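Working notes for the structure below.
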Amino acid sequence: VQLQASGGGLVQAGDSLTLSCAASERTFSYYDMGWFRQAPGKEREFVAAITWSGSRRYYADSVKGRFAISRDNAKNTVYLQMHSLKPEDTAVYFCAADRFHSGSTDSPQGYDYWGQGTQVTVSS
């Protein structure tokens, strides 16, 4: 499956932004999905994940209460709503699909397919 992330941009601290990740196949609805981010010089880190049915959501402590992950299986799309953005949220954001329900929701190794990334820059 191919994943296309979009919605990044340049915003000010305190602003909101919503990222989208569209999948190329309807099998998307069977995959757990995650968002990761990578800042320059840093490792890729977990942001949020959602199970295939949407029944469970997981968040990194750094974004809990500010970010919300959701999905629309009819549109083959997963979203990441980001509120109260901070300069430290600046990174390239990647969406990823876990085809085999690895259970490793917060590890990049748990995902099988990756989107190309979208840049989010938060100015102070």
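The values are calculated or read from the model by the stated rules, or taken from the named source; none is laboratory data. For clarity, every value in this text was computed on a predicted model and none was experimentally measured. Backbone-built Cβ (ideal geometry, glycine too); neighbour counts: all protein chains shown. When the accessible area is computed, the model is the full protein with side chains, heavy atoms only, and any ligands, DNA or RNA have been set aside. Shrake-Rupley method; radii C 1.70, N 1.55, O 1.52, S 1.80 Å.
Here are some residues: F28, F36. Which one is closer than 17 Å to V1 by Cβ, of a type in the set (F, W, Y) and touching a Pro at 6+ places or on another chain (Cβ under 9 Å)? Of F28, F36, the one residue that is closer than 17 Å to V1 by Cβ, of a type in the set (F, W, Y) and touching a Pro at 6+ places or on another chain (Cβ under 9 Å) is F36.
Considering the stretch 73-106, the residues that are of a type in the set (S, T, Y) and modelled with pLDDT of 95 or more include one that is least open to solvent (accessible area, probe 1.4 Å), namely Y93.
Here is a yes/no grid of residues against (1) within 23 Å of D32 (Cβ to Cβ); (2) among the hydrophobic types (A, V, I, L, M, F, W, C); (3) out of contact with any Phe, Trp or Tyr (no Cβ under 6 Å at 6 or more places or on another chain):
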| residue | (1), (2), (3) |
| --- | --- |
| L85 | no, yes, yes |
| F100 | yes, yes, yes |
| D106 | yes, no, no |
| Y111 | yes, no, yes |
| G117 | yes, no, no |
| V120 | yes, yes, no |
| S123 | no, no, yes |
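One residue stands out among those in the stretch 1-48 that are open to solvent by 40 Å² or more (accessible area, probe 1.4 Å) and basic (K, R): the one that is farthest from Y111 (Cα to Cα), which is K42.
Can you tell me which residue in the stretch 49-58 is farthest from G117 (Cα to Cα), limited to those that are in contact (Cβ under 8 Å) with a residue 12 or more places away in the chain and open to solvent by less than 70 Å² (accessible area, probe 1.4 Å)? Per the criteria, the residue is G54.
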